[in-house]
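*Asks:* If you scroll down you'll find the structure; I have some questions about it.
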Amino acid sequence: MKFVISVLLSILVSQTSLAKEACVSDQELMASAALIQKEGRGKGSGVLYQDDIVLTNHHVVTDIPKIWVHVPRTNQQIEAEVLFFTPRPDIAVLKLKEPVKDTKKVDLARRANKREELRLVSFPFAEKHRLGAVQARFNNMARFKSDTRLLYFNALLSDWAFAGDSGGGFYNCKGQLVGLNFGNLALKGTPEHVYAVNMRAIEDALRASGIEARIQY
């Protein structure tokens, strides 16, 4: 009996280790990170969806006459134009005027699972990047109940910022894009409720822009 229990435990441990190893690295997630700039200063975050397409929030770019995107991986600053944007949901699709070399394309996740741990890549206060975790929950705020394009997260980060996080990408373990951060609700100075435009809204925006929506099932 002890031998059987020991074998089962070893299998469980090995499966857990494999699951952890299957997750993409922080470096891979950072490869798709982008910083949206206004007049040479950081304005918000973005996701490099493919070599010439960047996803971000509507409110990040709505007041920028000339948009520049900084790609930390290649240290490039590239001018961009807006292909599509809408305030509801808060999303924008940008096209870079020159492609970023050796870019790995990002896929959209098919769904977000309840209590699934997600990782956020953003540039708080337009400074150094940060990569932290949140736990996915279903929409349970009354004003969002009828809007399936939004996600609600329970924040686990202790260093949440407000400026610069907008447009940051939420990724699952496989590195698939689950959503774009657009705001949070802070209680006593510490954000506890985080909101994101989900993959369905991103898919709609990409299709409206004439861009292929790559969904990983």
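We did not get these values from a lab; they are worked out from the coordinates using the rules stated. Since the structure is predicted, the reported quantities are computational estimates derived from the model, not experimental observations. Every residue, glycine as well, gets a Cβ built from its backbone with ideal geometry; the counts of neighbours run over all protein chains shown.
*Asks:* Local charge sum around Thr62 (other residues, Cβ-Cβ under 12 Å, Lys/Arg +1, Asp/Glu -1)? Display every interim value, and only then the final one.
*Replies:* Working: positive: Lys38, Lys43; negative: Asp63, Asp90.
Result for the local shell: 0.
*Asks:* I want the local charge near Ala126. Using Cβ-Cβ distances under 14 Å, sum +1 for each Lys or Arg and -1 for each Asp or Glu among the other residues. Can you show the working numbers first?
*Replies:* Working: positive: Lys38, Arg41, Lys43, Lys128, Arg130; negative: Glu39, Glu127, Asp165.
It works out to a net charge of +2.
*Asks:* Checking the table Lys38/Lys128; Lys97/Lys174; Lys38/Lys101 against a 20 Å threshold on Cα-Cα, which pairs fail? Intermediate results must be reported in sequence, preceding the final value.
*Replies:* Working: Lys38/Lys128 17 Å; Lys97/Lys174 29 Å; Lys38/Lys101 23 Å.
The pairs that break the limit, which is 20 Å between Cα atoms, are Lys97/Lys174; Lys38/Lys101.
*Asks:* Students often check this: by mean Cβ neighbours within 10 Å, which of 41-49, 65-73 ranks highest, and how do the rest follow? Mind showing how you got there, number by number?
*Replies:* Values: 41-49: 23.8, 65-73: 16.7.
Ranked from most to least packed, the peptides come out as 41-49, 65-73.
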